Amino acid sequence: MRACANLCRRNLCPLWRSSSQYCTENSSKVKIFDRNLKRTQRDRAAWLMRPNDSLLDTVAENLLDRLEDCKRTFPTALCMGGSLEPIMRLIRGCGGIEKLIMMDASYDMVKLCKEAEQDLPNKNVETSFIVADEEFLPVNECSLDLVISSLGLHWTNDLPGAMIQSRLALKPDGLFLAAILGGETLKELRIACTVAQMEREGGISPRLSPLAQVRDAGNLLTRAGFTLPGVDVDEYTVRYDSALELIEHLRAMGETNALFQSSKILKRETALTAAVYESMFAAEDGTIPATFQVIYMTGWREHPSQQKAKTRGSAAISFKDIQKQFGGGS
(Lines give C-alpha, C1' and ligand atoms only; values in the text may rest on other atoms or scores of the structure.)
Protein backbone atom coordinates (compact mmCIF):
# COMPACT_ATOMS: atom_id res chain seq x y z
CA MET A 1 0.00 0.00 0.00
CA ARG A 2 2.88 2.36 0.81
CA ALA A 3 4.43 1.68 -2.59
CA CYS A 4 1.08 2.40 -4.23
CA ALA A 5 0.77 5.68 -2.33
CA ASN A 6 4.28 6.70 -3.41
CA LEU A 7 3.41 5.87 -7.01
CA CYS A 8 0.25 7.96 -6.85
CA ARG A 9 2.22 10.84 -5.34
CA ARG A 10 4.71 10.73 -8.23
CA ASN A 11 1.97 10.55 -10.85
CA LEU A 12 0.25 13.61 -9.37
CA CYS A 13 3.43 15.65 -9.07
CA PRO A 14 1.85 18.91 -10.40
CA LEU A 15 -0.74 18.63 -7.62
CA TRP A 16 1.74 18.24 -4.79
CA ARG A 17 3.09 21.20 -2.86
CA SER A 18 5.82 21.08 -0.26
CA SER A 19 4.32 21.14 3.24
CA SER A 20 6.94 23.68 4.34
CA GLN A 21 5.63 26.11 1.73
CA TYR A 22 2.33 26.33 3.58
CA CYS A 23 3.68 25.87 7.10
CA THR A 24 1.67 27.76 9.70
CA GLU A 25 4.30 27.88 12.43
CA ASN A 26 4.41 31.68 12.27
CA SER A 27 0.77 32.33 11.36
CA SER A 28 -0.54 32.28 14.93
CA LYS A 29 1.12 33.02 18.25
CA VAL A 30 -1.35 30.88 20.20
CA LYS A 31 -0.98 27.19 19.40
CA ILE A 32 -4.09 25.24 20.36
CA PHE A 33 -4.16 22.67 17.59
CA ASP A 34 -1.32 20.62 16.15
CA ARG A 35 -1.75 21.39 12.47
CA ASN A 36 0.73 18.70 11.40
CA LEU A 37 -1.26 16.12 13.39
CA LYS A 38 -4.50 17.37 11.86
CA ARG A 39 -2.99 17.04 8.41
CA THR A 40 -2.05 13.44 9.20
CA GLN A 41 -5.56 12.75 10.49
CA ARG A 42 -7.07 14.08 7.28
CA ASP A 43 -4.68 11.94 5.24
CA ARG A 44 -6.05 8.94 7.15
CA ALA A 45 -9.63 10.15 6.72
CA ALA A 46 -9.16 10.20 2.95
CA TRP A 47 -8.67 6.42 3.10
CA LEU A 48 -11.44 5.80 5.64
CA MET A 49 -14.09 8.25 4.42
CA ARG A 50 -17.54 6.76 3.95
CA PRO A 51 -19.18 7.30 0.54
CA ASN A 52 -22.14 9.69 0.72
CA ASP A 53 -21.84 10.28 4.48
CA SER A 54 -25.31 11.48 5.50
CA LEU A 55 -24.06 13.98 8.10
CA LEU A 56 -21.47 15.59 5.82
CA ASP A 57 -23.92 15.66 2.91
CA THR A 58 -26.63 17.30 5.03
CA VAL A 59 -24.29 20.04 6.24
CA ALA A 60 -23.01 20.65 2.71
CA GLU A 61 -26.56 20.83 1.32
CA ASN A 62 -27.70 23.30 3.98
CA LEU A 63 -24.62 25.45 3.38
CA LEU A 64 -25.12 25.50 -0.39
CA ASP A 65 -28.82 26.30 0.04
CA ARG A 66 -27.68 29.82 0.95
CA LEU A 67 -26.46 30.27 -2.62
CA GLU A 68 -30.00 29.72 -3.84
CA ASP A 69 -31.07 32.81 -1.89
CA CYS A 70 -28.61 35.00 -3.83
CA LYS A 71 -29.66 36.61 -7.11
CA ARG A 72 -26.09 37.22 -8.29
CA THR A 73 -23.68 34.64 -9.66
CA PHE A 74 -20.23 33.62 -8.41
CA PRO A 75 -18.00 32.71 -11.37
CA THR A 76 -14.86 31.92 -9.32
CA ALA A 77 -15.16 29.93 -6.09
CA LEU A 78 -12.74 28.49 -3.55
CA CYS A 79 -13.67 25.52 -1.37
CA MET A 80 -11.17 25.01 1.43
CA GLY A 81 -10.73 22.23 3.97
CA GLY A 82 -13.40 20.18 5.70
CA SER A 83 -15.96 18.31 3.60
CA LEU A 84 -14.46 18.86 0.17
CA GLU A 85 -15.93 15.88 -1.63
CA PRO A 86 -19.61 16.51 -0.66
CA ILE A 87 -19.27 20.19 -1.62
CA MET A 88 -17.72 19.34 -4.99
CA ARG A 89 -20.43 16.76 -5.68
CA LEU A 90 -23.40 18.90 -4.59
CA ILE A 91 -22.32 22.32 -5.88
CA ARG A 92 -23.13 21.45 -9.49
CA GLY A 93 -25.50 24.04 -10.94
CA CYS A 94 -25.30 26.30 -7.88
CA GLY A 95 -24.42 29.99 -7.99
CA GLY A 96 -23.38 30.12 -11.64
CA ILE A 97 -19.90 28.83 -10.76
CA GLU A 98 -17.54 28.58 -13.74
CA LYS A 99 -14.22 27.98 -11.99
CA LEU A 100 -13.92 25.93 -8.78
CA ILE A 101 -10.72 25.66 -6.72
CA MET A 102 -10.54 22.75 -4.26
CA MET A 103 -7.98 23.28 -1.48
CA ASP A 104 -6.90 21.25 1.54
CA ALA A 105 -3.79 20.89 3.69
CA SER A 106 -3.97 17.11 3.20
CA TYR A 107 -2.46 15.79 -0.02
CA ASP A 108 -4.44 12.55 0.21
CA MET A 109 -7.72 14.43 0.66
CA VAL A 110 -7.05 16.57 -2.42
CA LYS A 111 -6.07 13.45 -4.35
CA LEU A 112 -9.37 11.80 -3.32
CA CYS A 113 -11.33 14.79 -4.64
CA LYS A 114 -9.38 14.80 -7.88
CA GLU A 115 -10.15 11.13 -8.44
CA ALA A 116 -13.85 11.72 -7.64
CA GLU A 117 -13.95 14.60 -10.14
CA GLN A 118 -12.45 12.38 -12.84
CA ASP A 119 -15.19 9.78 -12.23
CA LEU A 120 -17.96 12.40 -12.55
CA PRO A 121 -16.53 15.26 -14.62
CA ASN A 122 -18.44 18.52 -14.89
CA LYS A 123 -17.79 20.08 -18.30
CA ASN A 124 -19.44 23.35 -17.28
CA VAL A 125 -17.07 23.97 -14.37
CA GLU A 126 -13.29 24.23 -14.59
CA THR A 127 -12.00 22.50 -11.44
CA SER A 128 -8.47 22.84 -10.09
CA PHE A 129 -6.83 21.34 -7.00
CA ILE A 130 -4.17 22.74 -4.69
CA VAL A 131 -2.55 21.62 -1.44
CA ALA A 132 -2.44 24.53 0.99
CA ASP A 133 -3.31 25.50 4.55
CA GLU A 134 -6.39 27.49 5.57
CA GLU A 135 -4.18 29.55 7.88
CA PHE A 136 -2.13 30.79 4.92
CA LEU A 137 -4.17 31.17 1.75
CA PRO A 138 -2.04 31.19 -1.43
CA VAL A 139 -4.65 33.30 -3.20
CA ASN A 140 -4.35 36.80 -4.64
CA GLU A 141 -6.37 39.61 -3.12
CA CYS A 142 -9.72 40.38 -4.79
CA SER A 143 -9.53 37.27 -6.98
CA LEU A 144 -12.56 35.24 -5.80
CA ASP A 145 -16.32 35.68 -5.91
CA LEU A 146 -17.08 32.99 -3.34
CA VAL A 147 -15.24 31.27 -0.48
CA ILE A 148 -16.77 28.13 1.03
CA SER A 149 -15.60 26.11 4.02
CA SER A 150 -17.70 23.20 5.25
CA LEU A 151 -16.58 21.82 8.63
CA GLY A 152 -12.95 22.84 8.36
CA LEU A 153 -12.22 26.22 9.94
CA HIS A 154 -12.83 25.13 13.55
CA TRP A 155 -9.41 23.42 13.44
CA THR A 156 -7.45 26.62 12.73
CA ASN A 157 -5.32 28.18 15.47
CA ASP A 158 -6.20 31.68 14.26
CA LEU A 159 -9.82 31.58 13.16
CA PRO A 160 -10.24 35.40 12.89
CA GLY A 161 -7.03 35.57 10.86
CA ALA A 162 -8.20 32.84 8.48
CA MET A 163 -11.51 34.64 8.01
CA ILE A 164 -9.73 37.96 7.37
CA GLN A 165 -7.63 36.28 4.67
CA SER A 166 -10.82 34.90 3.14
CA ARG A 167 -12.34 38.39 3.06
CA LEU A 168 -9.24 39.86 1.43
CA ALA A 169 -9.29 37.12 -1.22
CA LEU A 170 -12.87 38.05 -2.15
CA LYS A 171 -13.78 40.63 -4.74
CA PRO A 172 -16.04 43.50 -3.58
CA ASP A 173 -19.52 42.07 -2.95
CA GLY A 174 -18.01 38.57 -2.74
CA LEU A 175 -19.62 36.00 -0.46
CA PHE A 176 -18.12 34.01 2.42
CA LEU A 177 -19.95 30.84 3.49
CA ALA A 178 -18.74 28.64 6.32
CA ALA A 179 -20.01 25.87 8.56
CA ILE A 180 -18.14 25.03 11.76
CA LEU A 181 -18.85 22.69 14.64
CA GLY A 182 -20.25 24.47 17.70
CA GLY A 183 -19.60 24.04 21.39
CA GLU A 184 -22.51 21.63 21.96
CA THR A 185 -21.00 19.10 19.57
CA LEU A 186 -20.42 15.66 21.13
CA LYS A 187 -21.70 16.84 24.51
CA GLU A 188 -22.55 13.24 25.42
CA LEU A 189 -18.99 12.10 24.75
CA ARG A 190 -17.57 15.03 26.74
CA ILE A 191 -19.68 14.06 29.75
CA ALA A 192 -18.69 10.39 29.48
CA CYS A 193 -14.98 11.26 29.22
CA THR A 194 -15.18 13.55 32.25
CA VAL A 195 -17.01 10.99 34.40
CA ALA A 196 -14.63 8.16 33.44
CA GLN A 197 -11.49 10.21 34.13
CA MET A 198 -12.77 11.62 37.41
CA GLU A 199 -13.66 8.15 38.68
CA ARG A 200 -10.46 6.42 37.61
CA GLU A 201 -7.79 9.12 37.58
CA GLY A 202 -9.11 11.74 39.99
CA GLY A 203 -8.81 14.50 37.40
CA ILE A 204 -9.40 15.32 33.77
CA SER A 205 -7.27 16.09 30.74
CA PRO A 206 -8.54 17.52 27.44
CA ARG A 207 -9.79 14.71 25.22
CA LEU A 208 -12.05 16.77 22.93
CA SER A 209 -11.16 19.98 21.18
CA PRO A 210 -12.62 23.34 22.28
CA LEU A 211 -15.18 24.72 19.84
CA ALA A 212 -16.72 28.13 19.23
CA GLN A 213 -19.99 29.10 20.87
CA VAL A 214 -22.93 30.48 18.90
CA ARG A 215 -22.53 33.91 20.49
CA ASP A 216 -18.96 34.08 19.16
CA ALA A 217 -19.83 33.54 15.50
CA GLY A 218 -21.31 36.99 14.85
CA ASN A 219 -18.37 38.63 16.58
CA LEU A 220 -15.97 36.63 14.41
CA LEU A 221 -17.64 37.82 11.22
CA THR A 222 -17.62 41.46 12.38
CA ARG A 223 -14.02 41.25 13.57
CA ALA A 224 -12.99 39.84 10.19
CA GLY A 225 -14.57 42.87 8.49
CA PHE A 226 -17.51 41.18 6.77
CA THR A 227 -20.65 43.17 6.11
CA LEU A 228 -24.24 41.92 6.42
CA PRO A 229 -23.19 39.11 8.77
CA GLY A 230 -25.60 36.23 9.29
CA VAL A 231 -25.44 33.33 11.74
CA ASP A 232 -27.78 30.41 12.30
CA VAL A 233 -27.48 27.06 14.04
CA ASP A 234 -28.64 23.50 13.44
CA GLU A 235 -28.25 20.49 15.69
CA TYR A 236 -28.11 16.98 14.28
CA THR A 237 -28.42 13.84 16.36
CA VAL A 238 -26.79 10.77 14.87
CA ARG A 239 -27.39 7.34 16.42
CA TYR A 240 -24.68 4.69 16.57
CA ASP A 241 -24.67 1.04 17.58
CA SER A 242 -21.82 1.69 20.03
CA ALA A 243 -19.40 4.35 21.23
CA LEU A 244 -16.65 2.64 19.27
CA GLU A 245 -18.65 3.10 16.07
CA LEU A 246 -18.87 6.83 16.87
CA ILE A 247 -15.09 7.01 17.27
CA GLU A 248 -14.61 5.26 13.93
CA HIS A 249 -16.96 7.77 12.28
CA LEU A 250 -15.00 10.68 13.77
CA ARG A 251 -11.79 9.19 12.38
CA ALA A 252 -13.37 8.79 8.95
CA MET A 253 -14.38 12.46 9.02
CA GLY A 254 -10.95 13.61 10.25
CA GLU A 255 -12.56 15.06 13.39
CA THR A 256 -10.48 13.38 16.11
CA ASN A 257 -8.60 15.33 18.78
CA ALA A 258 -5.64 17.44 17.61
CA LEU A 259 -4.89 19.45 20.76
CA PHE A 260 -1.25 20.26 21.53
CA GLN A 261 -1.74 19.76 25.27
CA SER A 262 -3.78 16.58 25.21
CA SER A 263 -2.44 13.46 26.89
CA LYS A 264 -0.75 11.26 24.30
CA ILE A 265 -1.47 8.03 26.21
CA LEU A 266 -4.98 6.75 26.87
CA LYS A 267 -4.85 4.90 30.16
CA ARG A 268 -6.58 1.55 30.42
CA GLU A 269 -9.04 2.84 33.01
CA THR A 270 -9.99 5.82 30.84
CA ALA A 271 -10.82 3.43 28.02
CA LEU A 272 -13.93 2.63 30.06
CA THR A 273 -15.40 5.81 28.59
CA ALA A 274 -17.27 3.69 26.04
CA ALA A 275 -18.99 1.74 28.82
CA VAL A 276 -19.85 4.96 30.68
CA TYR A 277 -21.22 6.50 27.48
CA GLU A 278 -23.49 3.56 26.79
CA SER A 279 -24.68 3.27 30.39
CA MET A 280 -25.62 6.97 30.55
CA PHE A 281 -27.09 7.61 27.10
CA ALA A 282 -28.08 4.32 25.43
CA ALA A 283 -31.65 4.08 24.18
CA GLU A 284 -33.95 1.09 24.62
CA ASP A 285 -32.84 -0.34 21.29
CA GLY A 286 -29.19 -0.20 22.42
CA THR A 287 -28.13 2.68 20.17
CA ILE A 288 -26.40 5.77 21.52
CA PRO A 289 -26.93 9.39 20.40
CA ALA A 290 -24.23 11.86 19.39
CA THR A 291 -25.04 15.55 18.98
CA PHE A 292 -23.41 17.64 16.26
CA GLN A 293 -24.05 21.37 16.54
CA VAL A 294 -23.28 23.17 13.29
CA ILE A 295 -22.92 26.96 13.12
CA TYR A 296 -23.51 28.45 9.67
CA MET A 297 -21.89 31.82 8.95
CA THR A 298 -22.54 34.19 6.06
CA GLY A 299 -20.66 37.39 5.32
CA TRP A 300 -20.00 39.71 2.38
CA ARG A 301 -17.06 41.85 1.35
CA GLU A 302 -18.05 45.50 1.44
CA HIS A 303 -19.47 47.04 -1.71
CA PRO A 304 -21.23 50.41 -2.34
CA SER A 305 -24.38 48.65 -3.58
CA GLN A 306 -25.00 46.97 -0.21
CA GLN A 307 -27.56 48.41 2.18
CA LYS A 308 -26.10 50.32 5.11
CA ALA A 309 -27.44 51.57 8.41
CA LYS A 310 -28.21 55.27 8.64
CA THR A 311 -25.74 57.42 10.51
CA ARG A 312 -26.45 57.95 14.19
CA GLY A 313 -28.72 60.91 14.88
CA SER A 314 -30.21 61.05 11.37
CA ALA A 315 -33.64 59.72 12.39
CA ALA A 316 -36.56 62.07 11.67
CA ILE A 317 -38.85 60.61 14.36
CA SER A 318 -38.15 59.30 17.86
CA PHE A 319 -39.26 56.02 19.37
CA LYS A 320 -41.16 58.01 21.99
CA ASP A 321 -43.31 59.59 19.25
CA ILE A 322 -43.91 56.16 17.69
CA GLN A 323 -44.98 54.79 21.06
CA LYS A 324 -47.48 57.63 21.50
CA GLN A 325 -48.80 57.26 17.96
CA PHE A 326 -49.59 53.57 18.36
CA GLY A 327 -50.87 53.88 21.92
CA GLY A 328 -48.19 51.75 23.45
CA GLY A 329 -47.43 54.19 26.26
CA SER A 330 -48.69 53.76 29.80
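The values are calculated or read from the model by the stated rules, or taken from the named source; none is laboratory data. What you see is a predicted model; the values in this text were computed from it and never measured. Positions of Cβ are generated from backbone atoms using ideal geometry, with glycine treated the same way; all protein chains shown enter the neighbour counts. These accessible areas exclude ligands, DNA and RNA; they are computed on the full protein's heavy atoms, side chains included. Shrake-Rupley method; radii C 1.70, N 1.55, O 1.52, S 1.80 Å.
Here the Karplus curve 6.51 cos²θ - 1.76 cosθ + 1.60, taken at θ = phi - 60°, turns the phi angles of the stretch 232-237 into couplings of 9, 10, 10, 10, 10, 10 Hz, with x standing for Gly and Pro. Solvent-accessible area assigned to carbon and sulfur over the stretch 112-207 amounts to 51 percent, based on a 1.4 Å probe. Residues of the stretch 284-304 falling in the label zone of Glu235, defined by backbone nitrogen less than 17 Å from a point 7 Å along Cα to beta-carbon, are 288-296. Could you tell me which of rounded, prolate or oblate describes the stretch 77-153, using a ≥ b ≥ c as the square roots of the eigenvalues of the alpha-carbon gyration tensor, with rounded for a/c under 1.5 and, failing that, prolate when a/b is larger than b/c and oblate otherwise? Oblate shape, in that a/c is at least 1.5 and b/c is the bigger or equal ratio. Of the peptides 55-62, 172-179, the ranking by mean beta-carbon count within 10 Å, highest at the top, reads 172-179, 55-62. Average accessible surface for the stretch 120-159: 39 Å² per residue, computed with a 1.4 Å probe over protein heavy atoms with every protein chain in place.
Pairs over the 25 Å Cα-Cα cut-off, from the set Lys71/Lys111; Lys38/Lys111; Lys99/Lys171: Lys71/Lys111. Amide H contacts under 5 Å for Thr127: Leu100, restricted to partners 5 or more places along the chain or on a different chain, H placed in the peptide plane at 1.01 Å from N.
Candidate cross-link partners of Lys123 among the aspartates and glutamates, defined by an alpha-carbon separation under 18 Å and a same-chain spacing of 8 or more, comprise Glu85, Glu98, Glu115.
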